[in-house]
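Structure record follows, encoded as structure tokens.
The values are calculated or read from the model by the stated rules, or taken from the named source; none is laboratory data. Computed from a predicted structure; not experimentally measured. Please note: Cβ atoms are built from the backbone with ideal geometry, for glycine as well, and neighbour counts cover all protein chains shown. The protein model used for the area step is the full one, side chains on, heavy atoms only, and it has no ligands, DNA or RNA in it. Shrake-Rupley method; radii C 1.70, N 1.55, O 1.52, S 1.80 Å.
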Amino acid sequence: MTIKEQIENLRDELRQHNYNYYVLDNPTISDYEFDMKLKALQKLEADHPEFYDANSPTLRVGGEVTKNFNTVVHEHRMYSLDNSYSKEDLEDWEKRIKKLVDGDIQYTCELKYDGASMNLTYENGKLLRAVTRGDGVQGDEVTTNVKTIRSVPLQLKGDYPGKFDIRGEIILPLEGFNKMNEARVAEGEEPYRNPRNTASGSLKLQDSAEVAKRPLECFLYSIKGSNLSFSTQFEGLEKARAWGFKVPNEAKLVNSIDEILDYVNHWDTERHNLPYEIDGVVIKVNNLYQQEELGFTAKAPRWAMAYKFKAEQVSTTLNHISYQVGRTGAITPVANLEPVLLAGTIVKRASLHNADQIEKLDIREGDEVYVEKGGEIIPKIVGVDLSKRPNDSLPTSYITHCPECGTELIRKEGEAQHYCPNDLGCSPQIIGRIQHYISRKAMDIEGLGGETVALLVNEALISNCSDLYELTVEKVIPLERMAEKSAENLINGIEASKQIPFERVLFALGIRYVGETVAKKLAKHYKTIDAIMAASLEDLVAVDEIGEKIAESVVDFFQSEASTNIIERLKSFGVQLQLSEEALANQTDTLKGKSFVVSGVFETVSRNELKKLIEDNGGKVGSSISSKTSYVVAGDKMGPSKRTKAEQLGIPIITEQEFLAFLE
Ligand code: AMP
Ligand code: ZN
């Protein structure tokens, strides 16, 4: 046998043993024999580096160190899931989706594993890349770390597609988590709080050998790719299993909401017997073609729903109420609690939302309160144990002045929140606005973090976002802990932000109610900041999807002299305050006033490209056919009930080619 053959045989053998052990839970050799074979392979590979393979089983033990994780844009966005808590929620969901798709709907019910989501890319059966969810659009590449997770196959088997993405959850089973904690406590360190955070923290460790020591697992639940050889979610799970992935067996195919509820109820109690944590159930429309028809909202697929188990509750003492000032001046009351263990985490603080909420529940300092943790990160107070109220207790009197700057608070009619109106002089507002300006989804200024912003403001080097552009290396070097290299990075990052496109600058300005989507709409419609500044309230409201509340806020913002000064200065520094030539060239009014519904599978463009084309050319995309629909663009496999509906309403059905011809 040649050396090459020896190496390859050992690799195959070790792969199979890994699979038997970690995926099937059914080892066929002893740990000792396994280690001997692994050592033999390590030696051969070290002596013959010419046969290096990035996916060799020896890499499972880690060793490579990553200093900075690269950011990678996901080919398919990683969405969140909508949540449901009751039968009614599920019934409403079914009603909504039945309007949008034809035929009976089957559902796959799966467990909702509580860990960190991960996207794995495979090419020719080999693991190419592993990327965290990040903000859904882009995440961090953590391939070296993920390779150490033994249940992630590095080489697939069977009839896998040439290239595809597969999604899963990296989790830390309870037994392994507890062992890790015992070891930590024995060494006099603080135990980790919960398996989920520990799993996601592990992925970002720099030393992959450390990751290799942690008993992480990866459960897979969704395959993304083109020309897949299956047409339902359930078959997809079976395929993934056949290719060598770890796919838990608890998934179930059902036909009705009642069956979904049976599944939920079963797992609500049975989950305590699972070796890992789950925080609910995920229900997915089984047919992939129906999934495609249903598509996505801005945040989540329409074809899937999480069902969250009833939140856990504990009671504890509310020590005192403090008040935080946000970037918009909004005041948030915060409950500082006697620390208590809740759903695996120690809770010390909870949001009290606003003055009304405090009054409604009559929450007072010194009370014994009930704290609940649902899906959200910040726990909430849901009630007071009046039997334990101290005799000398006094009702809470809400603050009247800003805790940061002393200005008298205001409360606009119809709004629950109090505000500090001193937006130009109240430091958390000043800092918060600039932090928003530099944030990832806004100007994404590399080399500048939230802490540094606070430092710059406190040192009076900046007081609004336009001041950033006058910073120099010399000015920032005296700051605490600022090395020359970091100072240069900071200045370069600021310089680079001058290339950020207009719609993101508009979002970065932090105008109330102008989120990413609204900023895009406004940028597309008005094209320049000057046009937006000149727009009246009536103008703005006339823009599609811009309501009165947003319009008022935009007008208010630009009426302030401080804002217009900032805009003028940003302009003078060369920040993008209008759409680029390129963006303008791709946009027309050709489809203005027309509304389209897109249905089926297309040949020359993807469904999303088609929708973008419609929007870029001034048209609207609707999700269901109504009398207001101008055209239905029909691809292959358009649903028969959509066709009937369009015909009944007399709405023209056009092909993809006919549509593209409109644009010429
Ligand atoms: P959320 O973060 O609450 O919006 O829930 C969405 C997340 O649930 C996804 O990003 C996944 O990481 C996670 N998840 C866990 N189990 C599943 C599953 N079986 N199917 C889909 N998503 C799941
Ligand atoms: Zn203030």
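Couple of notes before you dig in:
- Whichever residue in the stretch 402-447 is more than 14 Å from ligand 2 (Cβ to nearest atom) and in a helix (DSSP H, G or I) and, among such residues, is farthest from ILE331 (Cα to Cα): ILE438
- Restricting the stretch 380-417 to residues that are within 25 Å of ASN464 (Cα to Cα) and in contact with a Ser or Thr (Cβ under 9 Å, 6 or more places away or on another chain), the residue that is modelled with the lowest pLDDT is GLN417.
- When residues in the stretch 156-196 are screened for being more than 16 Å from ligand 1 (Cβ to nearest atom) and at negative phi, 27 of them pass.
Each row is one residue, and each column tells you yes or no for (1) among the charged types (D, E, K, R); (2) in a loop (DSSP other than H, G, I, E, B); (3) touching a strand residue (DSSP E or B) at 6+ places or on another chain (Cβ under 6 Å).
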| site | (1), (2), (3) |
| --- | --- |
| LEU59 | no, no, no |
| LEU81 | no, yes, yes |
| GLU88 | yes, no, no |
| ASP92 | yes, no, no |
| LYS95 | yes, no, no |
| GLU110 | yes, no, yes |
| ARG129 | yes, no, yes |
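- In the stretch 493-510, residue farthest from VAL476 (Cα to Cα) [restricted to those that are open to solvent by less than 30 Å² (accessible area, probe 1.4 Å) and free of Cβ contacts under 8 Å to residues at least 60 places away in the same chain]: LEU506
- Against the test of being closer than 26 Å to VAL384 by Cβ and either in contact with a helix residue (DSSP H, G or I) (Cβ under 8 Å, 6 or more places away or on another chain) or open to solvent by 30 Å² or more (accessible area, probe 1.4 Å) (or both), the options LYS310, LYS299 yield a single qualifying residue, LYS310.
- Hits in the stretch 129-161 - residues which are among the aliphatic types (A, V, I, L, M) and either within 16 Å of ligand 2 (Cβ to nearest atom) or surrounded by 22 or more Cβ atoms within 10 Å (Cβ to Cβ) (or both): ALA130, VAL131, VAL142, VAL146, ILE149, VAL152, LEU154
- Near pairs, Cβ below 6 angstrom, 6+ apart or cross-chain, from the stretch 416-430 (in contact (Cβ under 8 Å) with a residue 12 or more places away in the chain and open to solvent by 30 Å² or more (accessible area, probe 1.4 Å)) to any residue that is among the hydroxyl-bearing types (Ser, Thr, Tyr) and within 8 Å of ligand 2 (Cβ to nearest atom): ASN422/THR407
Here's the yes/no breakdown for (1) in the same structural domain as TYR19 (by TED's automatic domain parsing); (2) more than 16 Å from ligand 1 (Cβ to nearest atom); (3) small (Gly, Ala, Ser):
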{"position": "ILE97", "(1), (2), (3)": "no, yes, no"}
{"position": "GLY103", "(1), (2), (3)": "no, yes, yes"}
{"position": "GLY115", "(1), (2), (3)": "no, no, yes"}
{"position": "MET118", "(1), (2), (3)": "no, no, no"}
{"position": "LYS126", "(1), (2), (3)": "no, yes, no"}
{"position": "ASP135", "(1), (2), (3)": "no, no, no"}
{"position": "GLN138", "(1), (2), (3)": "no, no, no"}
{"position": "THR144", "(1), (2), (3)": "no, yes, no"}
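- Looking across the stretch 90-127, the residues that are open to solvent by 30 Å² or more (accessible area, probe 1.4 Å), at negative phi and touching a residue at least 60 places away in the same chain (Cβ under 8 Å) come down to GLU91, GLU94, ARG96, LYS99, ASP102, ASP104, GLN106, LYS112, LYS126.
- Some residue of the stretch 578-586 being more than 30 Å from ARG643 (Cα to Cα), surrounded by fewer than 15 Cβ atoms within 10 Å (Cβ to Cβ) and polar (S, T, N, Q): yes
- Scanning the stretch 269-292 for residues that are part of a helix (DSSP H, G or I) and open to solvent by 60 Å² or more (accessible area, probe 1.4 Å), we see that the one that is nearest to ligand 2 (Cβ to nearest atom) is HIS272.
- The residues of the stretch 595-614 that are in contact (Cβ under 8 Å) with a residue 12 or more places away in the chain, closer than 18 Å to LYS520 by Cα and open to solvent by 30 Å² or more (accessible area, probe 1.4 Å), listed by number, are LYS611, LEU613.
- The listed residues are GLU474, GLU451, and the only one of them that is open to solvent by 60 Å² or more (accessible area, probe 1.4 Å), touching a helix residue (DSSP H, G or I) at 6+ places or on another chain (Cβ under 9 Å) and either at positive phi or not assigned by TED's automatic domain parsing to the domain that holds GLN324 (or both) turns out to be GLU474.
- Yes/no for GLU235 being surrounded by fewer than 16 Cβ atoms within 10 Å (Cβ to Cβ), of a type in the set (D, E, K, R), modelled with pLDDT of 90 or more and in a helix (DSSP H, G or I): no
- Under the condition of being open to solvent by less than 50 Å² (accessible area, probe 1.4 Å), at pLDDT 90 or above and of a type in the set (A, V, I, L, M, F, W, C), the residues counted in the stretch 1-28 number 3.
- Selection within the stretch 30-40 - free of Cβ contacts under 8 Å to residues at least 24 places away in the same chain and surrounded by fewer than 15 Cβ atoms within 10 Å (Cβ to Cβ): SER30, ASP31, TYR32, GLU33, ASP35, MET36, LYS39
- Pairs with Cβ under 7 Å, 6+ apart, first in the stretch 236-251 and in contact (Cβ under 8 Å) with a residue 60 or more places away in the chain and closer than 18 Å to TYR263 by Cα, second of a type in the set (A, V, I, L, M, F, W, C) and in a helix (DSSP H, G or I): ALA251/PHE234; ALA251/LEU237
- Checked across the stretch 167-184, the condition of being assigned to a loop (DSSP other than H, G, I, E, B) and farther than 18 Å from ALA199 by Cα holds for no residue.
- Hey, VAL575 part of a loop (DSSP other than H, G, I, E, B), touching a residue at least 24 places away in the same chain (Cβ under 8 Å) and open to solvent by less than 40 Å² (accessible area, probe 1.4 Å) or not: yes
- Residues that are of a type in the set (Val, Ile, Thr) and closer than 18 Å to ASN68 by Cα, drawn from the stretch 125-147: VAL131, THR132, VAL142, THR143, THR144, VAL146
- The residue list ILE346, ILE358, ILE399, ILE363 contains one member that is touching a residue at least 12 places away in the same chain (Cβ under 8 Å), assigned to a helix (DSSP H, G or I), farther than 30 Å from GLY236 by Cα and not assigned by TED's automatic domain parsing to the domain that holds HIS266, which is ILE358.
- Entry remark, the stretch 313-343: residues being under 30 Å from ILE430 (Cβ atoms), out of contact with any Cys (no Cβ under 6 Å at 6 or more places or on another chain) and part of a loop (DSSP other than H, G, I, E, B) number 3 in total.
- The set of residues in the stretch 44-68 that are surrounded by 13 or more Cβ atoms within 10 Å (Cβ to Cβ), modelled with pLDDT of 90 or more and of a type in the set (A, V, I, L, M, F, W, C) comprises LEU44, PHE51.
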